[in-house]
Each structure stands twice: as C-alpha cells, then as structure tokens.
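Trainee: What follows is a single structure, and I will ask about it in a moment.
Read the figures in this text as sums done on the coordinates, not as results from a lab. Computed from a predicted model, the values in this text were never measured in an experiment. Here the Cβ positions follow ideal geometry from the backbone for every residue, glycine too, while neighbour counts run over all protein chains shown.
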Amino acid sequence: MNVVHVPVLVEEVLEFFKHIEGVFLDCTVGLGGHAEAILSRIPNSVVVGLDVDEEALDLANKRLERFVFAGRAKLFKSSYVDAAKVLKELGFDRVDAILMDLGVSSMQLERAERGFSFNRDGPLDMRMDKQQTLTAYDVVNSWDEENLSRIIFEYGEEKRYARRIARFIVRNRPIHTTKQLVEVLARAIPNKHSRNRHFATKVFQAIRIAVNSELENLKRFLAQVPELLRPGGRIAIVSFHSLEDRIVKEFFRNEPRLKQLTKKPIRPNESEISSNPRARSAKLRVAERV
Ligand code: SAH
C-alpha cells in the first residue's frame, strides 16, 4: 500500500524554525513529512528523528533516503521519552529545535490491522510500538468497569455516558475487533448523531491514550525540555485534542526557562482543513528557551 502522510501545519512550523541552524529533534518522525520539509528548506539542518513505530520508520527512511545518505537525517526506534539517551550516544548534549507532532499517522489509521480506526475492521490493537505487550484488546476485555469508565471519562472526555459505555463493554465481552466494539458503542451511546464526529471517536481516543500512555509520556518528555534545548532554541508542538493541548499550554506557561511565542494556539487555515481532514483539530504552540 502506498501511504501518503500529509504533514499538518508545516508552513506554520517552518515559519518559527526557518532561522534556526543546527540540530533538530523530531520526536515523532512518523512518515517523515515534517522532517523532509525541515531538511529540504533549512540549509545545513540535521534531523534526529524518533518513532516507536517500525513501519513508520521504514517509510521515513525511504522518504528521507537522500538526507540519510548525506548524514543529515538520523532515524532511531525510540520513544521520545528517551530522547536524551539517543542524543547523548550521537554526541549531542543539547539541540537547537524540537518538534512534536502528536497523534496518529495516516498510515496507522489506514492500516486496518493496526486497529486504530473505527472505520476499518481490524483487531483491537492500537499499539504504536508493537514491542509493547499491552493492547487495546487487554484494555477492552480485562480492565474493570471502574477503570474503563474512568478512561472514557478522562481520556475520551465523554462526560455524560462514560459509566453506561463501560457497563455495555463489560457485558458484551469478549470483544475482538474494532467493528464489534463500534457495534457495542452504537448500542451504548444514545445520541449518535453529532454533526461532525463519529460516535465512536471519544472511546477510541480514550483507549488509544491508555494503551500508549500518551499523556504520561508527553509530561515526562516536557519536563526534560529545558535541559535538552540550548538557550535561544525553540520547541514546536502540534496537538490534536484538548487534553494534550492543555498539558502543553500549562507547561509553557509555568516553565520559567521557556517563553511562549504563541499566545493563542495556531490553527490550520480553511484550505488545509478541507484538503487534509487530519488537520481539523490540530493546534500548534511554540516556545523559546530563554
Ligand atoms: N510528523 C510526522 C507524522 C507524525 S504522526 C510526519 O509528518 O510524517 C505521530 C507519530 O508519533 C506516529 O508515527 C507515532 O508512532 C509516533 N509516536 C507516538 N508516541 C511516540 C513516542 N512516545 N515516541 C516516539 N514516537 C511516538
């Protein structure tokens, strides 16, 4: 399958990065969309790109082949939480810029067998890192009702029906596939006809966040950012839901070694949203190390 991942807010990110020279840490290199833009448009830049998804890294290595060959792109299978270790091994103490593009890649969504999509029937997997043992199947089939309800409430931001949904899931076990889960949700959720969101969106988001410890990872990485960035260096973060955005916003606001460059988050313009649905909920925040 030929998957194309169109990077989100790429011009806006470049606007903040274009005068920066040196080493860029791309925490979530994915299919290499942002990395390619940085490498081709910022002369002499070097990108250290991380991802936990081997399939993504293979595709990124192909897309960035000419830069890899020239020694300007260095890609590693690693969680961004362990970025400091990877950088140290490369001999870098600090970097000049950091990019995080959170969320799911088009590749992950499109491959039914990865289990991320409520539009495609696949196994309940949702692991970004296939070496991890916890899967969506485990969460759906073995977490107790209390915990399910909590993650649906907190991570899915489903404030009204979290308990009811958790109860339906527990009663309908075992649930093996994304399609079976969607069928259970269809029965559990009373008002399925929201204008712009599929009724399964929130619960899928909640399970994905839980499976991949997404919010913990983000917090653990942010705490290291002041040490990782050289003074004058910049960090740009693209988030896709309000939980992530809130964590980023509060961190930028409360960290004295960072100065926010975006008072309000930057959103994609109309034309980007209409040509790339994945951009719909994206928000960019940028800060500079003082
Ligand atoms: N900017 C990329 C797309 C990134 S999509 C592009 O333009 O192509 C988000 C990526 O983050 C996914 O590939 C996912 O596997 C990766 N990811 C999720 N959690 C991660 C973590 N803890 N460490 C590193 N990568 C992670």
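Trainee: Can you work out the Karplus-derived ³J(HN,Hα) for every residue in segment 142-156? Use 6.51 cos²θ - 1.76 cosθ + 1.60 with θ = phi - 60°, whole Hz, and x for glycine or proline.
Mentor: 10, 6, 6, 4, 4, 5, 4, 4, 4, 5, 5, 5, 7, 7, x
Trainee: Using the charge dipole of segment 119-212 (Lys, Arg: +1 at Cβ; Asp, Glu: -1 at Cβ; taken about the Cα centre), state which of GLN132, ALA210, TYR161 has its Cα farthest towards the positive end.
Mentor: The residue sitting farthest along the positive end of the dipole is TYR161.
Trainee: Determine which lysines satisfy two conditions relative to LYS159: a Cα distance under 21 Å, and not lying fewer than 8 residues away in the same chain.
Mentor: Counting by Cα, and skipping residues close in sequence, LYS159 has these lysines nearby: LYS192, LYS202.
Trainee: Per 0.36 nm of contour for each residue apart, how much would the distance between SER194 and ASP144 grow if the chain were fully extended, relative to their Cα-Cα spacing?
Mentor: Numbers: separation 50, 0.36 × 50 = 18.00 nm, distance 2.83 nm.
Extra length available between SER194 and ASP144 comes to 15.2 nm.
Trainee: Moving to a separate point now. Hey, for a label at ARG220 modelled as a point 7 Å past Cα toward Cβ, could you say which residues of segment 65-95 have their backbone N under 14 Å away?
Mentor: Only 78-86 fall inside the zone, counting backbone N under 14 Å.
Trainee: Give the Debye-formula value of log10 I(q)/I(0) at each listed q (0.09 Å⁻¹), with one equal scatterer per alpha carbon of the chain, two decimals each.
Mentor: Per q value, in the given order, log10 I(q)/I(0) is -0.44.
Trainee: What 222 nm value per residue comes from the helices of the chain, counting each DSSP H run with n ≥ 4 as -39,500 (n - 2.57) and dividing by all residues, nearest 500 deg cm²/dmol?
Mentor: Numbers: 15 runs with 126 residues, N = 290.
It lands at -12000 deg cm²/dmol.
Trainee: Can you give me the C-alpha center-to-center distance between segment 91-116 and segment 211-290, rounded to a whole angstrom?
Mentor: When both Cα centres are located, 14 Å separates them.
Trainee: Enumerate the calculated ³J(HN,Hα) couplings along segment 163-176 in order (Karplus 6.51 cos²θ - 1.76 cosθ + 1.60, θ = phi - 60°), each rounded to whole Hz, writing x wherever the residue is Gly or Pro.
Mentor: Using θ = phi - 60°, the values come out as 4, 4, 5, 4, 5, 4, 4, 4, 6, 9, 5, x, 10, 9 Hz.
Trainee: What number comes out for the charge environment of ARG257, summing +1 per Lys or Arg and -1 per Asp or Glu over other residues with Cβ under 12 Å away? Please report the intermediate quantities before stating the final value.
Mentor: Values: positive: ARG230, LYS259, ARG289; negative: GLU227, GLU255, GLU288.
Within the 12 Å Cβ shell, the charges total 0.
Trainee: Once amide H atoms are placed 1.01 Å from N in the peptide plane, what residues at a sequence separation of 5 or more from VAL52, or on another chain, have their amide H within under 5 Å of its amide H?
Mentor: Under 5 Å from the amide H of VAL52: SER78.
Trainee: Moving to a separate point now. For segment 270-286, what does the Karplus curve 6.51 cos²θ - 1.76 cosθ + 1.60, with θ = phi - 60°, yield as ³J(HN,Hα) per residue in whole Hz, taken in order and with x for Gly and Pro?
Mentor: With coefficients 6.51, -1.76 and 1.60, one gets 3, 5, 5, 5, 6, 8, 9, x, 4, 7, 3, 9, 6, 9, 10, 10, 10 Hz.
Trainee: Same structure again: Can you give the net charge of the other residues whose Cβ lies under 11 Å from the Cβ of VAL46, counting K and R as +1 and D and E as -1? Display every interim value, and only then the final one.
Mentor: Values: positive: ARG72, LYS74; negative: GLU21, ASP26, ASP96.
Once all neighbours under 11 Å are counted, the net charge is -1.
Trainee: What whole-number volume per residue, in cubic angstrom, does the convex hull of the C-alpha atoms of segment 194-290 give? Display every interim value, and only then the final one.
Mentor: Working: hull volume 10.9 nm³, N = 97.
Taking only Cα atoms, segment 194-290 has a hull volume of 113 Å³ per residue.
Trainee: Please give the length that would be gained between SER275 and GLU11 if that part of the chain were fully extended, namely 0.36 nm times their separation in residues minus their C-alpha to C-alpha distance (nm, one decimal). Please list the in-between numbers first.
Mentor: Details: separation 264, 0.36 × 264 = 95.04 nm, distance 1.47 nm.
Extra length available between SER275 and GLU11 comes to 93.6 nm.
Trainee: Restricting things to alpha carbons, tell me how big segment 59-124 is in terms of Rg and Dmax, in Å.
Mentor: 15.7, 44
Trainee: Work out, step by step, the length gained on full extension between LEU90 and VAL290: first 0.36 nm times the residue separation, then minus their alpha carbon distance; give nm to one decimal. Mind showing how you got there, number by number?
Mentor: Working: separation 200, 0.36 × 200 = 72.00 nm, distance 2.46 nm.
Going from the current span to full extension adds 69.5 nm.
Trainee: Here is a further query. Give me the one-decimal Kirkwood hydrodynamic radius in Å for segment 196-247, with the sum taken over alpha-carbon pairs. Could the numbers behind the result be given before it?
Mentor: Working: mean 1/r = 0.0773 Å⁻¹.
So the Kirkwood estimate lands at 12.9 Å.
Trainee: Let me ask another. Return the long-range amide H neighbours of LEU75 (sequence gap of 5 or more, or a different chain), with a cut-off of under 5 Å between placed amide H atoms.
Mentor: GLY49
Trainee: Same structure again: Kindly give Rg over Rh for segment 119-212, based on alpha-carbon atoms, with the Kirkwood expression for the hydrodynamic radius.
Mentor: Ratio of gyration radius to Kirkwood radius: 0.93.
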